[in-house]
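Written below as structure tokens is the structure these notes are about.
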Amino acid sequence: MNGLVLGIDLGSRTTKMVTLDGERVESFRIFDTDHDPMRKVRQAMEGLKFEAVTATGYGRHLLKVEFADGVVSEIKACARGAAFVRPACTTVVDIGGQDCKAIRVAPDGDFDDFEMNDRCAAGTGRFMEVMARALGWEIEQFWREALAADAAAPISSMCTVFAESEVVSLVTSGGDRRRIALGLHHAIVARLESLISRVEPEGEMLLVGGGAKNGCIVGLLGERLGIRVFVPENPQIVPAIGAALIAAESARGKEGDS
Amino acid sequence: MTEYEEMWQGLGLDVERHRALAEHTAAQFREQVLWQENRPRAMGYFDEVIHRAHSGRVCEIIAHKEAGGKFIGTFCVYVPEEIALALGVLPLALCGGTAFSVPYAERVFPRDMCPLVKSTLGLAFSKTCPYAPLEDMSVGETTCDAKKKTWDVLAERADFHVMEVPQKKSPRDAALWYEEVLAFKERLEDLTGKRLEADSLSQAVRLLNRRRRGLARLHSFRNLAAPPLSGLDTLVVTQAAFTDDAERFAVSLERLNEDLEERVARGVSVGREGAKRIMITGCPSVAGNWKLHHLLESSGALVVCDETCTGTRYFENLVPEADGDLEAQLRAIADRYLKTECACFSPNDERIESVLRLAEEYRVAGAVQYVLQYCHGYNLEAIRVASALKQKGIPSLKIETDYSQEDTGQLRTRIEAFLEML
């Protein structure tokens, strides 16, 4: 037994795997989730040695069939991971590929309230991808250009389908792309703010998930909420870290039983 | 062509499309209900009621009509069925619970209407509802805007009677409702050419009370620490009540209740020790819709109470059984139905009190507020319900969804997280 535990977060857009050695992230991997997610996970797991594995993310139940000792919701995994990477945070917001979650972290590292968008893709990573493409930019350039804008174009729609038409009509009527990009970021942040305010955030907030790599959102969100927003070094792997922590607990539980 | 297919063709249905609907419903039932282990044998009867709703049951309605009886379709637990039964009129709830028919309604109606109304309309529009051609009259009511305007559209193609359900609960509203009950009686008297008799009304009252007592007994088993029946199966039985012959249903239910009694005595339960006890409150789940109960119970919860129109609102409160005086009986019927705590009322404090009372009685760990997408009444009332529950220390989760399966991934995440949190 090498003491390593594994957390897998099979998300809608990317899959994240983290091996944990006690209190230290030993290694991590991030790869795109495709039409055959299990094949890629199998490849990534080849040669890995670990004592326990916990799965989270959209594909958690799929993983359970083949690999995982246990499954845990992304909400719980995210709360645990957040408390681990930033013990001071009391709220964690996860901007994922197709959903957003606001979670209130309890003092013991669990959670005591959460909000999640339902079927609507507004404010998610997917929304950002569609809008960046409508403006002819890659996702990173999209927020960098927004930061360089001198003003924000007003965007009224937050529906992915309607906002895309709105962007197209603004572009074709000669609107400034940077301003449109900033307007879209304002719209995303307004949406996030209403989701986040339902869990009554206070103190420090941790922003995780692929969306946390968007520097424009991080800045705007801090301004609007008036609280400190912290982004960890690898924001995408936080729920996978949480899953690995839960795997470690189950490994300890097994030892206790024997 | 099978015998039933010939019958459907005779009724003017699209037989091919109806076959697709039947396959869709059977698949949903298999995936969402029949996965359960250790179901009581007596459940077989109620599964059959659901399966035979469009076949055997329709034959019975045809026979009833051939013998001179009338048949009406209803859409709400506010319709006092006693009066219909007493006049030899067979009432049957026609609310749609299937996603299959929704696209047919969306060809005509806006998308942003509740799935129940769209499913119901879609069944009529797609020629897959065998009841529609048999109806002598439909009975609508004014419990929401979507329904009210739907009746206006349907009234152009069929005989339609709309009962005005008041929106407040003052004596003036009770007086209006009593007038509406009388108007319903008169309309049925015109339809049948008969006069409502006190004796037959009191018999009908007794019959429906017998059904209510059976359902109350069934639901009370869920109060035990280890219930002998799942929430899903309790829902299936309750759904069956809406289509089955009232007397046969009551007898079969009493048999099931005896079975459950025996299960309890032998210490047989649905298992799932340590399962979180959950209450569902809000919109109904009519036959064809097992989505929320399935998601909750396949995620390890136990649904122990339904404060919905396919739950407590359907069977709570009996009509006082008094022989003689017709007017007194009709007043008692009106009073009983007006106690139904629909979200169309303002204010609706009685419902909030009921939710809290049931949460305590059934010792629930959490409540799921079920909102059919675009049902503004229950969606908005959820705000007050959530805060009342919170004050009592009971966490709640609001699930707003339609009949499609496209959001089950996200819903499962939210439900699992909610159960982890409790």
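The values are calculated or read from the model by the stated rules, or taken from the named source; none is laboratory data. Since the model is a prediction, treat every value here as computed from it, not as a measurement. Every residue, glycine among them, receives a Cβ derived from its backbone with ideal geometry; neighbour counts consider all protein chains shown.
Please go through region B:7-43 and pick out each residue that is part of a helix (DSSP H, G or I) and either outside the structural domain of residue B:134 (by TED's automatic domain parsing) or in contact with an Asp or Glu (Cβ under 7 Å, 6 or more places away or on another chain) (or both).
Taking region B:7-43 as the starting set, the residues that turn out to be part of a helix (DSSP H, G or I) are B:7-10, B:15-32, B:43.
Matches in region B:7-43: B:15, B:43.
Among the residues of region B:38-97, which ones are free of Cβ contacts under 8 Å to residues at least 40 places away in the same chain and within 14 Å of residue B:137 (Cβ to Cβ)? Give the steps one after another, and end with the answer.
Quick first cut of region B:38-97, residues free of Cβ contacts under 8 Å to residues at least 40 places away in the same chain only: B:44, B:48, B:51-52, B:56, B:63-64, B:66-69, B:90.
Scanning region B:38-97 gives B:69, B:90.
So that you can scan it fast, the table gives a plain yes or no per residue for (1) out of contact with any helix residue (DSSP H, G or I) (no Cβ under 7 Å at 6 or more places or on another chain); (2) of a type outside the set (Gly, Ala, Ser); (3) modelled with pLDDT of 95 or more:
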{"position": "B:136", "(1), (2), (3)": "no, yes, yes"}
{"position": "B:140", "(1), (2), (3)": "no, no, yes"}
{"position": "B:153", "(1), (2), (3)": "yes, yes, no"}
{"position": "B:159", "(1), (2), (3)": "yes, yes, no"}
{"position": "B:163", "(1), (2), (3)": "no, yes, yes"}
{"position": "B:166", "(1), (2), (3)": "no, yes, yes"}
{"position": "B:171", "(1), (2), (3)": "yes, yes, yes"}
{"position": "B:174", "(1), (2), (3)": "no, no, yes"}
Any hit, region B:347-366, residues being touching an Asp or Glu at 6+ places or on another chain (Cβ under 9 Å), surrounded by fewer than 22 Cβ atoms within 10 Å (Cβ to Cβ) and outside any helix (DSSP H, G or I): yes
Which numbered condition residue A:35 misses (of (1) within 14 Å of chain B (Cβ to nearest Cβ); (2) not in a helix (DSSP H, G or I)): (1)
Matching entry among B:416, B:406 (being part of a helix (DSSP H, G or I), charged (D, E, K, R) and either at the interface with another protein chain (Cβ under 9 Å from one of its Cβ atoms) or surrounded by 20 or more Cβ atoms within 10 Å (Cβ to Cβ) (or both)): B:416
For residue A:49: the one exception among (1) closer than 23 Å to residue B:419 by Cα; (2) surrounded by fewer than 20 Cβ atoms within 10 Å (Cβ to Cβ); (3) charged (D, E, K, R): (1)
Hits in region B:323-351 (condition: farther than 21 Å from residue B:76 by Cβ and assigned by TED's automatic domain parsing to the domain that holds residue B:280): B:349
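Name the helices (runs of 4 or more DSSP H) wholly within region B:115-225 that hold at least 2 residues that are farther than 20 Å from residue B:328 by Cα, free of Cβ contacts under 8 Å to residues at least 12 places away in the same chain and assigned by TED's automatic domain parsing to the domain that holds residue B:82?
B:145-154
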Some residue of region A:184-205 being more than 30 Å from residue A:68 (Cβ to Cβ), of a type outside the set (D, E, K, R) and not in a helix (DSSP H, G or I): yes
Count - residues of region A:81-108 that are surrounded by fewer than 24 Cβ atoms within 10 Å (Cβ to Cβ), outside any strand (DSSP E or B) and within 13 Å of another protein chain (Cβ to nearest Cβ): 4
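Can you give me the number of residues within region B:386-402 that are away from every other protein chain (no Cβ under 13 Å) and either surrounded by fewer than 21 Cβ atoms within 10 Å (Cβ to Cβ) or in contact with a Phe, Trp or Tyr (Cβ under 9 Å, 6 or more places away or on another chain) (or both)? Talk me through it step by step, then tell me what you get.
Taking region B:386-402 and keeping what is away from every other protein chain (no Cβ under 13 Å), we get B:388-389, B:391-392, B:394.
Next, only the ones that are either surrounded by fewer than 21 Cβ atoms within 10 Å (Cβ to Cβ) or in contact with a Phe, Trp or Tyr (Cβ under 9 Å, 6 or more places away or on another chain) (or both) stay: B:388, B:391-392, B:394.
The number of residues fulfilling the criteria is 4.
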Hits in region B:369-385 - residues which are more than 21 Å from residue B:340 (Cβ to Cβ) and away from every other protein chain (no Cβ under 12 Å): B:374
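Counting just the residues of region B:323-346 that are part of a helix (DSSP H, G or I) and small (Gly, Ala, Ser), which one comes out farthest from residue B:310 (Cα to Cα)?
Step one: of region B:323-346, the residues part of a helix (DSSP H, G or I) are B:326-338.
In the following step, the residues that additionally are small (Gly, Ala, Ser) were identified as B:328, B:332, B:334.
On the way: B:328: 28, B:332: 22, B:334: 20 Å.
Applying the filter and picking the extreme gives B:328.
Has region B:122-129 got any residue that is closer than 27 Å to residue B:194 by Cβ, at pLDDT 95 or above and either out of contact with any His (no Cβ under 8 Å at 6 or more places or on another chain) or not acidic (Asp, Glu) (or both)? Can you show your working first?
The initial filter retains those residues of region B:122-129 that are closer than 27 Å to residue B:194 by Cβ, namely none.
No, because not a single residue in region B:122-129 is closer than 27 Å to residue B:194 by Cβ, at pLDDT 95 or above and either out of contact with any His (no Cβ under 8 Å at 6 or more places or on another chain) or not acidic (Asp, Glu) (or both).
Residue-wise test of (1) closer than 19 Å to residue A:213 by Cα; (2) free of Cβ contacts under 8 Å to residues at least 24 places away in the same chain.
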| position | (1), (2) |
| --- | --- |
| A:137 | yes, no |
| A:148 | yes, no |
| A:155 | no, no |
| A:165 | no, yes |
| A:175 | no, yes |
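Could you list, in sequence order, all residues of region A:1-32 that are assigned to a strand (DSSP E or B) and closer than 17 Å to residue A:211 by Cα? Can you show your working first?
Our first condition is that a residue be assigned to a strand (DSSP E or B); within region A:1-32, this holds for A:4-10, A:14-21, A:24-32.
Listed by number, the residues that qualify are A:9, A:10, A:14, A:15, A:16, A:30, A:31, A:32.
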Test: residue in region A:151-159 that is assigned by TED's automatic domain parsing to the domain that holds residue A:106, surrounded by 15 or more Cβ atoms within 10 Å (Cβ to Cβ), assigned to a helix (DSSP H, G or I) and within 23 Å of the chain's Cα centre (by Cα): no
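Counting just the residues of region A:117-131 that are outside any loop (DSSP other than H, G, I, E, B) and crowded, with 21+ Cβ neighbours inside 10 Å, which one comes out farthest from the other protein chains (Cβ to nearest Cβ)? Walk me through how you get there before you give the answer.
To start, the set of residues in region A:117-131 that are outside any loop (DSSP other than H, G, I, E, B) comprises A:125-131.
Filter once more, so that each one left must be crowded, with 21+ Cβ neighbours inside 10 Å: A:125, A:127-128, A:131.
On the way: A:125: 14, A:127: 15, A:128: 18, A:131: 21 Å.
Here the answer is A:131.
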